[in-house]
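*Asks:* The structure's right below; bear with me while I get my questions together.
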Amino acid sequence: MVETGGGAVKARVLIRPKQGLLDPQGQAIERALPALGFDSVRDVRVGRLVELETDRPERLQELCERLLCNTLIEEFEIVEVEP
Amino acid sequence: MRFAVVRFPGSCDDRDALLACSRFGEAHFVDHRESDLAGFDCVVIPGGFSYGDYLRAGALAGLSPVMGAVRRFAAAGGPVLGICNGFQVLCEAGLLPGALLPNCGLRFVCREVEVEVASAATPFTRCTEPGTRLRIPVKHQSGRYWAPPDVLDTLERTGRVVFRYAPGHNPNGSERNIAGVVSAEGNVVGLMPHPEHAVDALLGSADGAVLFECVARAEVAA
């Protein structure tokens, strides 16, 4: 996922509520959509996106586990790493 | 008894906590940059919005210098009470199990609720009886207690649920009506309701005072 060594990288970390956990924010959005005519939308879930730049990409995983994400209730994905 | 009331940037119930503690002992504020809690007999982590509740409620406060001292204090068996945001901080710091999620209704709830003492085997409930009902307020947006089912089972089986919302009083969708829990070692307690806001009849209820009284009395007995 992450190339190690050499220079700064930009990373995007996607953080989502774990599957099966009630997400009232997603529900509220889902319930509001029909008022705008969007009546075919299901399973809305709201997470968080963290963009960052780092010289130590090999530590990203640890950084996510220790701060960005509470792994008890959330899961994360390091989705995009540009040189 | 000497109480330490920890203050983070964004704490807002610190003065009420200090007042509640000072009815039963000597109480002092301790700044979040401090790393020493020597000389204190009890630590209270008050409510508020520490570090703006950025990232997740309680997440950043859990990393502050004073929390290292709280960890050591707790490891040595000292009584620690986390109220509301303080409960969130203790969960995020791994001193208590579970997490506090956004309320089911997504609303900030601010009202008086009835809470039952589920365990009288903690320093903060020791002078009560199981089943004792306390009228104390809640005021929070992320107070829905959640833990995996096996953790909840363990908590119940080992008597670590300390407070439950009385039937019909669960304001946030907390699992199994849990309002407060205690650490495996029995000395770190966290709860979402605010006992420090209910220490005088003038405030609508004085039922919350008993938590501070219990811990102060325990010291006298010890």
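*Asks:* Could you list, by residue number, the cysteines of chain B that have no other cysteine's beta carbon within less than 4.7 Å of their beta carbon?
*Replies:* So, B:C12, B:C21, B:C42, B:C84, B:C91, B:C104, B:C110.
*Asks:* To make sure I understand, if each residue's beta carbon is the centre and we count other beta carbons within 10 Å, what order do B:I45, B:I136, A:I29, B:I178 fall in, fewest to most?
*Replies:* A:I29, B:I178, B:I136, B:I45
*Asks:* If eta is 0.692 mPa s and T is 37 °C, what Stokes-Einstein diffusion coefficient results for the protein assembly as shown, Kirkwood Rh from Cα pairs, in µm²/s?
*Replies:* 162 µm²/s
*Asks:* Let me ask you something else. Across segment B:2-221, how large is the tail of the calculated P(r) beyond 21 Å, expressed as a percent of all Cα pairs?
*Replies:* Numbers: 11325 of 24090 pairs.
Above the 21 Å cut-off, segment B:2-221 has 47 percent of its Cα pairs.
*Asks:* Per 0.36 nm of contour for each residue apart, how much would the distance between A:F38 and A:E51 grow if the chain were fully extended, relative to their Cα-Cα spacing?
*Replies:* That works out to 1.7 nm of additional length.
*Asks:* Need the C-alpha centroid separation for segment A:36-83 versus segment B:1-42, integer Å.
*Replies:* Measuring centre to centre over Cα atoms gives 36 Å.
*Asks:* For segment A:9-82, I need the span (max minus min coordinate) of the C-alpha atoms along each principal axis, in Å, sorted largest to smallest.
*Replies:* Its Cα atoms span 46, 27, 13 Å along the three principal axes.
*Asks:* How do B:58-64, A:13-19 rank on mean C-beta neighbours within 10 Å, highest first? Show your work: numbers first, answer last.
*Replies:* Working: B:58-64: 22.1, A:13-19: 15.9.
Answer by packing, highest mean first, reads B:58-64, A:13-19.
*Asks:* For a distance above 18 Å, tell me the whole-number percent of Cα pairs in segment B:100-222 that qualify.
*Replies:* For segment B:100-222, the fraction of Cα-Cα distances above 18 Å is 50 percent.
*Asks:* Run lengths n ≥ 4 of DSSP H only: what is the helix-derived mean residue ellipticity at 222 nm for chain B, with -39500 (n - 2.57) per run over all residues, to the nearest 500?
*Replies:* -6500 deg cm²/dmol
*Asks:* Can I ask one more? Put +1 on the Cβ of each Lys and Arg and -1 on the Cβ of each Asp and Glu in chain A; which of A:A11, A:L33, A:I78 then has its Cα farthest toward the positive end of the dipole?
*Replies:* Value: A:L33.
*Asks:* Distance from the Cα centre of segment B:165-211 to that of segment B:74-100, in angstrom?
*Replies:* 14 Å
All of the numbers you see were taken from the coordinates with simple rules; none came from a lab. Note that the structure is a prediction, hence the values are computed from the model and not measured. Counting neighbours? That spans all protein chains shown, and the Cβs are built from the backbone with ideal geometry, glycine included.
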